[in-house]
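One structure below.
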Amino acid sequence: MTARPLQGLNVLDLTQFVSGPFCTQILADLGARVVKVEKPGLGDPYRSAGPSFVSGESTLFLSLNRGKESLALNLKRKEGRELFLTKLVPNFDVLVENFSPGTMESLGIGYDECHKINPRLVYSDISGFGAKGPLRERRGFDLILQAVTGIMDLTGEIDSEPVKVGVPITDFAAGLFSAIGILSSLFERVSSSEGSRISTSLYEGSVSLLSILACDYLASGNVPRRMGSASPTFAPYQAFRAKDGYVAIAGAGSEEMWHRFVDAIDLPELLSEPLFAMNSDRVRNQKQLAQIINGRLGEATAHYWLELFESRGVPCGPVGSLPEVLESEQTKALELICDTPVHNSDQSKVYQSIRQPLTINESPVIPRDAPPRLGEHSEKILKQFGIGENEIDELIGKKIVSK
């Protein structure tokens, strides 16, 4: 097995924004050929969205579309849809789309049509709120899904307003679940020779992330609340304030660990305090416990406490900023930041991004090719499927295709 185990797999990518491109980039990084079908003249909206640009290309687009090919094809035109169904669908293993539910069907190129043409096709759709229910037709945005699925209600300090997670976690979760579904269906196809339809959504992925808290609530009726960095199940298990920064401490994995933690901070009286006798007591009274610990840790620097806790076997870590994480020795040792060409035509201009967090047979999965320019591969792809130069020129003239 190589670091590109999906080599030979052909993927049609009809996605835009985050969730779908994140899914298909995983497949591309693992070796699949991913053809991104985009609207001529415009393409994925993230091509022009910024906020930063490298050699004229949006970092938003660069971060989600490396290693793909771009076919600029107008699916709103009859000729474009015919080309899609007759030339593309029969020759691909996987199709991924994240349009609003019903969009593909309204164009006449939905799952049923694609399956008739290519029964082996694995068809994956990603929506905002799922294929059924009263919210089915609503568009999905990470901020809205974090709100609607309770993630914002659970995030923030005890007395703060609801806070969103700092990354588009609902998009990433949906993209990951889609990739898992696709790979599972491809495995099943080996024995059945039949493709499958995979459906997921930002809503479903986000609710699934609530699983631990949801299971407890469904069993006990206990409603979880915002707790900052604290835990509803263990204490002390949160970020505490030192003199010059914050230290995350997991000092409650066991009673033995709790004793090691108390010994490290030299507050033996905590062991005889009934409020903190057992983990359940400490969870119930963790506000009082946190005040005591913050007071003690505020007497010395974060570096001092980190070295002390490490020496005493208490799990801990600094609360790092993004620059600190990217520049850390651990990130460097794992080679998580990789150089990728901005354009396939000029390998000298590169941008830095985060590679797939996978190592296969000791080989890290590292991207090789640039994100595509809009329509960069249109001519090559069409020729591959038997369309001659004269017909391609005619399609370009009619604005069915662009290059």
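The values are calculated or read from the model by the stated rules, or taken from the named source; none is laboratory data. Keep in mind it's a predicted model, so treat the numbers as computed, not measured. Here Cβ is always computed from backbone atoms with ideal geometry, including for glycine, and neighbour counts include all displayed protein chains. For the accessible areas, the whole protein counts, side chains as well, though only heavy atoms, and no ligand, DNA or RNA atoms are used. Shrake-Rupley method; radii C 1.70, N 1.55, O 1.52, S 1.80 Å.
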When you scan region 172-185, do you find a residue that is of a type in the set (Val, Ile, Thr) and under 26 Å from residue 217 (Cα atoms), even just one? no
Within region 142-158, is there a residue that is assigned to a helix (DSSP H, G or I) and closer than 15 Å to residue 125 by Cβ? no
Within region 307-335, take every residue that is touching a strand residue (DSSP E or B) at 6+ places or on another chain (Cβ under 6 Å) and of a type in the set (A, V, I, L, M, F, W, C) and give me the one that is farthest from residue 245 (Cα to Cα). 309
Yes or no: region 337-348 includes at least one residue that is surrounded by fewer than 15 Cβ atoms within 10 Å (Cβ to Cβ), within 27 Å of the chain's Cα centre (by Cα) and within 30 Å of residue 239 (Cα to Cα). yes
Every pair of residues 6+ apart whose Cβ atoms lie under 8 Å, when the first sits in region 292-321 and is in contact (Cβ under 8 Å) with a residue 60 or more places away in the chain and farther than 18 Å from residue 262 by Cβ while the second is among the β-branched types (Val, Ile, Thr) and not in a helix (DSSP H, G or I): 302/247; 317/247; 318/247; 319/247
I'd like to verify a number: residues in region 137-161 that are surrounded by fewer than 18 Cβ atoms within 10 Å (Cβ to Cβ) and touching a strand residue (DSSP E or B) at 6+ places or on another chain (Cβ under 8 Å), how many? 0
Out of 382, 374, which single residue is open to solvent by 20 Å² or more (accessible area, probe 1.4 Å), of a type in the set (A, V, I, L, M) and at pLDDT 95 or above? 374
Which members of region 186-233 meet the condition of being among the hydrophobic types (A, V, I, L, M, F, W, C) and closer than 18 Å to residue 155 by Cβ? 202, 207, 209, 210, 212, 213, 214, 223, 227, 230
Tell me yes or no: at least one residue of region 236-243 is within 21 Å of residue 142 (Cβ to Cβ), surrounded by 14 or more Cβ atoms within 10 Å (Cβ to Cβ) and not charged (D, E, K, R). no
Selection from region 188-229 of residues under 30 Å from residue 277 (Cβ atoms), assigned to a loop (DSSP other than H, G, I, E, B) and more than 24 Å from the chain's Cα centre (by Cα) yields 221, 222, 223, 224, 225, 227
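Within region 161-169, identify whether any single residue is closer than 24 Å to residue 112 by Cβ and in contact (Cβ under 8 Å) with a residue 40 or more places away in the chain, and answer yes or no.
no
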